[in-house]
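Bear in mind that the values in this text are calculations on the coordinates, not laboratory data. Remember, it's a predicted structure, so these values are computed and weren't measured experimentally. Note that we place each Cβ from the backbone using ideal geometry, even for glycine, and neighbour counts take in every protein chain shown.
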Amino acid sequence: MINKEHTIKISVVMPAYNIEGYIGRAIKSVLAQTRPADEIIVVDDGSTDGTAAEIKKFGEQVRYIHQENAGLAGARNTGIKAAHYEWITFLDGDDEWLSEYLEQQTKLLQRNQDLRWSYSNFICCLCNEKRRGAKLEPRKAKALLEGKEYFDNYFLASRNKASACANTTLIRREVFEQVGFFREDQTFAEDVDMWWRIAFRCPKVGYVAEPLAIYHMVRPGTLTESFQHSTVSILTGLLERHLKTAAEHHQLEQFESLASDLVTSWIRALLFEDNAAAIQNLLERFGYLVKPGFRAMVRLLIVFPRLTAGCCHTISRVVRFFKLRRRIIRRPARSRG
């Protein structure tokens, strides 16, 4: 009798950059899995602190690779190329898995052998504020699945808040051979770019509704709290590129629905930043994607951008003080190296 537990071999790729205080926690969470990883690769992306020493404490339990700083995408690509096995999963070096992450992913793939990628729900943790919660309430996640263990279309799932996170995404190696590696010229949202590229070729994706990882949202030096000019430029370039790809793959309708939600959320974030020029730019390039009423309201609000930003921050403080927001919101952008 074949032991199906070992028919799926998994390489874990962990990028690390100047996180000596966190990398040990991440590695321990991988070693504590109820279904052991077949290989753990930690890519030290040119750290200048004690990260390397912390990694080496684990000895032969991990493969340590050092490289000159190439950014998060570059570190992930190095790990993918070094991996020995057919399935590759990721964990950022300052986040952590819950103990059944690999076991639940493996069982899902064994039951759905046509899948080429899968991911799971996860916990967002603003630990400095002692706030944590699931990215998507598990009951709602299960309702979206409609009794299945997969989504038929990733873009529709993402629009319903069931989007992928690098820390819980498991992908067959052959997929990277088809769609390419993470874009190293993109300083953030390189993971979003990858999920979209995969989804155009493999719209069907496995999903575990229960949270299986913890995403630590705040760490000094890693979180971009506001939209900068370069951030908006990268996001608009990303969206324009994929709108063209969506048309080529005859998935424009599904993708435009997601794009509409994204542009709306970006504009709302920019209202906090007193950045009327960036908002105007988004409206000119993607205004056709958002609802006419919202578009008209935004045009009025940016007449007095500083006043609007002040009101937005005041409302946000009131919401936080009275704990009116149920879901923990991920910040606009994150950079780790």
Once fully extended, how much extra length lies between L31 and A247, figured as 0.36 nm per residue of separation less the alpha-carbon to alpha-carbon distance?
73.5 nm
If Y150, Y85 are placed from fewest to most neighbouring beta carbons inside 10 Å, the sequence is Y85, Y150
Rough spin-label spacing in nm, given labels placed 7 Å along Cα→Cβ, for F321 and C127
2.9 nm
When the chain is modelled as a GNM with alpha-carbon springs shorter than 10 Å, which of G310, G46, G71 fluctuates the most?
G310
Between the modelled labels at N281 and T314 (7 Å from Cα along Cα→Cβ) the distance in nm is 2.9 nm
Once you place label points 7 Å from the Cα toward the Cβ at T48 and H84, how far apart are they in nm?
3.5 nm
Do you know the relative contact order of the chain, to the nearest whole percent, from alpha carbon pairs under 8 angstrom that are 6+ apart?
19 percent
Between their Cα atoms, which of K130/K291; K107/K130; K28/K130 are more than 30 Å away from each other?
K130/K291; K107/K130
10 Å-binned pair-distance histogram of the stretch 22-178 (Cα, whole percent)
9, 36, 36, 16, 2
Between Y288 and D152, what is 0.36 nm times their sequence separation minus the Cα-Cα distance? Round to one decimal in nm.
46.3 nm
Taking the Cβ of each residue in H250, H66 as the centre, tally the other Cβ atoms inside 10 Å and list the residues starting with the fewest.
H250, H66
